Every structure is written in C-alpha cells, then in structure tokens.
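Novice: Sending over a structure as structure tokens; questions will come in a sec.
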Amino acid sequence: MGGGMKKLLLSTVSVLALVTAAGAADMPVKAARAPVEIPTWAGFYLGIQGGIAGNKGSAKDLDSFAGGVGGAAATYSASKTGGIFGVNAGYNFQSGNLVYGIEGDWSWLGAKASSTTTSPFAGGDSFVTSFDVRWLATARARVGVAADANLFYVTGGAAFGQVNNTASLISTGGLIRGTFSQDKTKVGWTVGAGIEHMFGPHWTARAEARYVDLGRSTVNCTPGANSCLLPGGSTYRGEFRNSLLLGLLALDYKF
C-alpha cells in the first residue's frame, strides 16, 4: 500500500471517529428510573375518630314486678342514633402484604335512648326506660391485607363502656312504684371490619363498621310506692343489656 493511500485511510478513520464522538456527545442522557416505593404500614400511629353510633338497650322484668306473682316477664327496649368522637392509637407489624397489630381507642358518645311503654300486666301503669353509654373504650387486634396504598382489615377484642340504665314502673297517677337502675362500667366484646388508605408517607384515613356488645347484667329493684319484695322475701330483679353499632371515620398519623 502506497504512502498516499495510508494517509487517506488514516484521515478517513480519524474523521469517522470524530463524527461518532460528536454524535454521542449530542445524544440526551437517559434518566435512571427511580425505584418504585412500596408503602409500609409497620410502626406506631396515633389519630382521631368520629362518626355515628346506634345505641340499643333493653330491660327485662325477670320476676314480673309489673305483672305481680305469676305474671309474664316482659322486655322493654329503646334505641337511638347519635354521635361518637374520640382518639385511637396502635402499632402495626408487616410481613409482605400481611399487616397485623394491636389498637386501642376511647370515645365519648351522645346517643341516649329512652322509651315509655304501657305495661300489659299492670292495669295501665307504664315502664319508663333509659339507656345511656357515656363513653366507650376498646382494646383490639387488627389483621389485614395491604394492596399498594390500601389496607383491607378485620378487627376484634374487648370493649369497656360506662353505662347508665334505668327502668321504672310508674302508675297512671305519676307514682314511681319501683325502679331498676344501673350506673357502672361494663365489659363486653367488639368486632368489625374496614378499609384504610395511605395518602402520604405519614398519613392514613379509614372507614370502619363495628359492633359492640356490653353484655347482660342483673340488678335488684329499688322500692318506690310498692315494696320490691317477692313472696318469700327475695327481691324482684331486672336484667339490662346494652349494644352499639358504630360507623367510624378516622385520620391517623404514622410515626
């Protein structure tokens, strides 16, 4: 190969190299794709909650105070829908899509139920009842399945409520013949389900339905115009039952 040919070949290779380098320099640099962040539900959280509360109470005249000896025991009930507002706190653990943890809450309720029912056994006398759950606290387990930023869960555990129940037999003339009353903290159970959405690194919102049963308990009659003693010396008894159906919305901050 002659010297002129070598010079021409070298010159061509040099020009191609320069053009290729220049073209590469002008090409836009492709941005690296950011890794997809998977929401984590694990950790401690604290929040507020509120919604509606359906309060239902009943009073059973176990020994038929209203009907006298040999009368049929009747049940008198009332219900009321009101409001509920409170605070909650809990801790979540997470394993893959499985989320589980514990939660406690305390709420004030405004849903006092009352009724006046003419007794079918006492000649026109009335049973006047009222059922009030002043506050409610629960200690529950939660377990659910996370789907991206949503959590579908069930919950259940113990419930504690401060109740004030009364049932009085009142004559047509307005005399209180006898009263069954109860003002105490009752222990029961609760179960529910809900959906929670994480809309920020630290914030979640949820909607939940929950049933609460505070159980049955027996009280003795307090005398009024009539004696509360049964033949034989025992005391007339009444039985109260309290239950709630809750629809809750909550806003929580996850630490």
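What follows is calculated from the coordinates using simple rules that are stated; it is not laboratory data. Every value quoted in this text rests on a predicted model; they were computed, and no experiment measured them. Counting neighbours? That spans all protein chains shown, and the Cβs are built from the backbone with ideal geometry, glycine included.
Novice: Do the alpha carbons of any pairs in LYS56/LYS254; LYS56/LYS184; LYS60/LYS112; LYS112/LYS184; LYS184/LYS254 sit beyond 23 Å of each other, and which pairs?
Specialist: As for pairs spanning more than 23 Å Cα to Cα, those are LYS56/LYS254; LYS184/LYS254.
Novice: Subtracting the Cα-Cα distance from 0.36 nm times the residue separation, let me have the gained length for THR118 to TRP189 in nm, one decimal.
Specialist: Full extension from THR118 to TRP189 adds 22.3 nm.
Novice: Now for a different question. Between PHE152 and THR172, with labels modelled 7 Å along Cα→Cβ, what's the label distance in nm to one decimal, could you check?
Specialist: The answer from the label model is 6.0 nm.
Novice: Suppose each label sits 7 Å from its Cα in the direction of the beta carbon; what would the THR81-TRP135 distance come out to in nanometres?
Specialist: Here the modelled spin labels are 2.7 nm apart.
Novice: Can you tell me how much longer the chain between ALA207 and LEU249 gets when fully stretched, taken as 0.36 nm per residue apart minus their C-alpha distance, in nm with one decimal?
Specialist: 14.7 nm
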